[in-house]
Amino acid sequence: MLDSGSRDSTVEKAKEAADEVWSVPKGKLSARHTGLLRSNADIVVSVDADCRYPKGWLNEILAPFTDPETVMTHGPKVQNAPGYREASILYNNFLKKRQVSASNSALRRTAYLETKGFRRDINQLHRKRIWLEEEFEFPERMARIGKIRYAPNAVCYEETRNLPGTKDLKYIEQIKRGERF
């Protein structure tokens, strides 16, 4: 479990469930990168606190890794935030860009290191920029070195929150107060 400065009870709850809780730099991409560097796992799973994962989900997201050429897997994310579906259709169909949900994916750690990982030089307070790097640009780099496999039965359910093109004031206020990045 990674913590990048939580000020609520997240860390205490995580310590009850996780083997380790690491304090990492602020900024989502920097935090994830540090976690991947410190990990010794062959395959690293990416989830978000605002998602729910049904029983059997982990087996489904990991199943494609039986193929040694698989470097990344992802499953469908169900949510109803305004603009989310339209943005996905645009990227996947018209621009021919693959979207890999950062909240419902897994990757082979060696492949991550080979690509040099997430770009950490981008503005990590700019939510749209993080989204583009995490879900489109980074997977493109991964696809250059191996297979990205879709796991259709690895469904996660995301709570509605601010996504590019939406106006969720609660989320924006949390960023302004420094509670989120």
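Miscellaneous remarks
- Only a single criterion out of (1) modelled with pLDDT of 90 or more; (2) farther than 21 Å from residue 79 by Cα is not satisfied by residue 176, namely (1).
- Some residue of the range 22-43 being of a type in the set (S, T, N, Q) and at pLDDT below 80: no
- For the range 147-161, the set of residues classified as surrounded by fewer than 19 Cβ atoms within 10 Å (Cβ to Cβ) and either part of a loop (DSSP other than H, G, I, E, B) or within 14 Å of the chain's Cα centre (by Cα) (or both) consists of 152, 153, 155, 157, 159, 160, 161, listed by residue number.
- For the range 17-29, the tally of residues that are surrounded by fewer than 18 Cβ atoms within 10 Å (Cβ to Cβ) and either under 16 Å from residue 102 (Cα atoms) or in contact (Cβ under 8 Å) with a residue 40 or more places away in the chain (or both) stands at 1.
- The one condition in (1) of a type outside the set (S, T, N, Q); (2) surrounded by 12 or more Cβ atoms within 10 Å (Cβ to Cβ); (3) modelled with pLDDT under 95; (4) farther than 16 Å from residue 156 by Cβ that residue 77 fails to fulfil: (4)
- Answer from 112, 84 - the residue that is modelled with pLDDT under 90 and surrounded by 17 or more Cβ atoms within 10 Å (Cβ to Cβ): 84
- Matching residues, the range 24-54, being of a type in the set (D, E, K, R) and within 11 Å of the chain's Cα centre (by Cα): 28, 32, 48
- As a summary of the residue check, residue 134 satisfies the conditions (1) under 16 Å from residue 35 (Cα atoms); (2) modelled with pLDDT under 90 except for the one numbered (2).
- Boolean, residue 54 is in contact with a Cys (Cβ under 9 Å, 6 or more places away or on another chain) and in contact (Cβ under 8 Å) with a residue 60 or more places away in the chain: yes
- Selection within the range 134-146 - touching a residue at least 40 places away in the same chain (Cβ under 8 Å), in a helix (DSSP H, G or I) and buried (at least 18 other Cβ atoms within 10 Å of the Cβ): 134, 139, 142
The values are calculated or read from the model by the stated rules, or taken from the named source; none is laboratory data. Nothing here was measured: the structure is a model prediction, and the numbers come from that model. Every residue, glycine as well, gets a Cβ built from its backbone with ideal geometry; the counts of neighbours run over all protein chains shown.
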